[in-house]
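These notes are about the structure you will find just below.
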Amino acid sequence: MRVLLVGSGGREHALAWKIAQSPKLTKLFCAPGNAGIAEHAECVDISSDDIEGLLKFAIEQAIDLTVVGPEAPLVAGLYDQFNARGLKVFGPSAKMALLEGSKSFSKDVMSRFGVPTAAYEVFTNAKEAMQYTLETEMPIVIKADGLAAGKGVVICDTSEQAVSTLSKMMEQKVFGPAGNKVVIEKKIEGEELSILVLTDGETILPLASARDHKRAYDHDRGPNTGGMGAYSPSAQFDESMIGSIIDQTIRPVIDGLRKEGSPYRGVLYAGLMMTADGPYVLEYNCRFGDPETEVILPRLKTDLLPVLAEIADGKLCQKSLEWHEKACMTVVMASGGYPGSYQKGLSIHGIPAAKAIRDVVVFHAGTALNEKKEVVTSGGRVLAVTALGGNLRAAYDLAYQAIQHIHFEGGFFRRDIGRKAMEVLK
Ligand code: GLY
């Protein structure tokens with residue numbers, strides 16, 4: 001099978017690493033890829049947003065399957081344009097990608113199919129939204145309706161903060177048209193959990209559970225990021241509970257959309273808050289999580305490629321996935337300044353020493369090769385240093401042993417990934 005993978009982050013490196021192990025693979029391309037992905041795939045210089053360029057390449061190269069990492073090309077209609085030319089894509093149509101691409105669409109789907117989610121209101125008028133926040137009990141969450149590069153969700157503890165956030169989103173348009181509409185919802189408290197499933201719109205294959213760490217600094221302090229580390233499986237919610245969580249939070253939507261004539265195909269990622277009243281869906285994403293993928297795929301024994309291909313064909317025959325018993329942890333090493341502005345092009349030292357450790361994989365998230373073919377930084381999240389271990393503690397020890405070998409100017413990482421879970425397990 002000739003495969004084109006779209007994207008350039010740690011998630012795509014984990015996908016490339018896994019797909020490259022498939023006996024069914026004959027050739028793997030990645031557009032645009034990164035310095036780590038280049039070890040498994042031929043990287044081609046086409047941006048993940050350039051759907052026309054990707055389509056032309058896929059036709060020229062007789063690609064059998066295109067696997068899409070990020071959400072933006074799916075929301076922009078990559079599936080639909082490829083499908084119109086008879087090309088197979090793993091990922092949902094533009095209409096179904098709105099589960100991530102429009103927060104109001106997503107909340108409406110959840111309420112239509114009875115999925116537990118926080119009470120919400122939708123506004124297109126800034127003044128009305130501001131007035132509402134003045135009359136509403138805090139804390140609340142304000143979400144820009146459209147895609148905002150992971151920055152469009154803001155927790156507000158005071159009405160002053162809420163008014164200022166609404167002004168930035170709806171009047172100053174810091175996220176462009178993504179802020180023309182906003183969803184305002186009640187903040188719910190609990191433990192976060194990421195549940196991802198693979199589906200052809202009918203059969204649901206759960207992936208292993210994972211727990212992300214979104215704040216930049218230790219003890220969940222500092223600004224929100226795309227994710228600074230993760231582990232799998234979740235320590236708090238064992239696999240036997242996951243089936244019932246999926247029945248409450250994912251199955252009603254998959255069944256409901258199919259019955260309405262729009263089956264959701266691809267990966268569906270539910271960001272959940274586990275509360276005293278059960279699971280609540282915070283958001284759906286139409287893609288694999290990052291860095292969740294970096295801890296889920298190393299635990300997967302089953303060959304992923306045929307499963308992705310069956311889903312792209314609309315008929316999932318595989319009925320279950322096999323998992324390694326081991327736990328997996330990833331620690332993200334980020335550029336100084338991330339999630340704000342940061343320098344690029346800094347030399348990274350020590351990756352070979354880290355990779356040489358048994359059961360360690362260093363996934364590249366934001367790297368490139370410079371003109372001397374040295375690995376340099378090129379993004380906010382630079383590396384996801386990943387380790388497997390007999391239990392969470394062993395995976396933690398190994399991941400932190402590996403990351404000590406790696407250096408680049410200003411690079412930082414959290415030192416407490418999985419620490420809370422280890423306390424629970426004790
Ligand atoms: N880890 C968070 C995300 O992928 O959205």
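The values are calculated or read from the model by the stated rules, or taken from the named source; none is laboratory data. This is a predicted model, so every value here is computed, not measured. In this analysis, Cβ positions are derived from the backbone assuming ideal geometry, glycine residues included, and neighbour counts consider all displayed protein chains. Quick note on the areas: whole protein, heavy atoms, side chains included, nothing else; ligands and nucleic acids left out. Shrake-Rupley method; radii C 1.70, N 1.55, O 1.52, S 1.80 Å.
Remarks
- Whichever residue in the stretch 115-134 is among the hydrophobic types (A, V, I, L, M, F, W, C) and in a helix (DSSP H, G or I) and, among such residues, is surrounded by the fewest Cβ atoms within 10 Å (Cβ to Cβ): L134
- Lone qualifier among S347, S341, S335 - being away from the ligand (no atom under 16 Å from the Cβ), surrounded by 24 or more Cβ atoms within 10 Å (Cβ to Cβ) and more than 30 Å from K24 (Cβ to Cβ): S335
- Of residues in the stretch 243-259 being open to solvent by less than 50 Å² (accessible area, probe 1.4 Å) and over 24 Å from P298 (Cβ atoms), the one nearest to the ligand (Cβ to nearest atom): T249
- Contacts under 7 angstrom Cβ, first residue in the stretch 154-172 being touching a residue at least 24 places away in the same chain (Cβ under 8 Å), partner in a loop (DSSP other than H, G, I, E, B), 6 or more apart: I155/P139; I155/K187; S159/M138; M169/F175
- Condition check for F82: among the hydrophobic types (A, V, I, L, M, F, W, C), at pLDDT 95 or above and open to solvent by less than 20 Å² (accessible area, probe 1.4 Å): yes
- Selection within the stretch 279-297 - open to solvent by 10 Å² or more (accessible area, probe 1.4 Å), within 16 Å of the ligand (Cβ to nearest atom) and not aliphatic (A, V, I, L, M): E283, R287, D290
- S240 surrounded by 16 or more Cβ atoms within 10 Å (Cβ to Cβ) and on the phi < 0 side of the Ramachandran plot: no
- Leading residue by the ranking (most open to solvent (accessible area, probe 1.4 Å)) among those in the stretch 221-237 that are out of contact with any helix residue (DSSP H, G or I) (no Cβ under 8 Å at 6 or more places or on another chain) and modelled with pLDDT under 95: N224
- When residues in the stretch 1-50 are screened for being within 18 Å of the chain's Cα centre (by Cα), among the hydrophobic types (A, V, I, L, M, F, W, C) and either farther than 24 Å from T386 by Cα or in a helix (DSSP H, G or I) (or both), 6 of them pass.
Results for (1) out of contact with any Asp or Glu (no Cβ under 9 Å at 6 or more places or on another chain); (2) among the hydrophobic types (A, V, I, L, M, F, W, C); (3) under 30 Å from K301 (Cβ atoms), shown as yes or no for each residue.
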| site | (1), (2), (3) |
| --- | --- |
| L5 | no, yes, yes |
| H13 | no, no, yes |
| P23 | no, no, yes |
| N34 | no, no, yes |
| A94 | no, yes, no |
| M110 | yes, yes, no |
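- Test: residue in the stretch 199-210 that is open to solvent by less than 10 Å² (accessible area, probe 1.4 Å), in contact with a Pro (Cβ under 7 Å, 6 or more places away or on another chain), free of Cβ contacts under 8 Å to residues at least 60 places away in the same chain and not β-branched (V, I, T): yes
- Residue in the stretch 408-418 that is free of Cβ contacts under 8 Å to residues at least 60 places away in the same chain and over 27 Å from E42 (Cβ atoms) present: no
- Considering residues of the stretch 144-191 that are of a type in the set (V, I, T) and more than 16 Å from the ligand (Cβ to nearest atom) only, the residue most open to solvent (accessible area, probe 1.4 Å): V174
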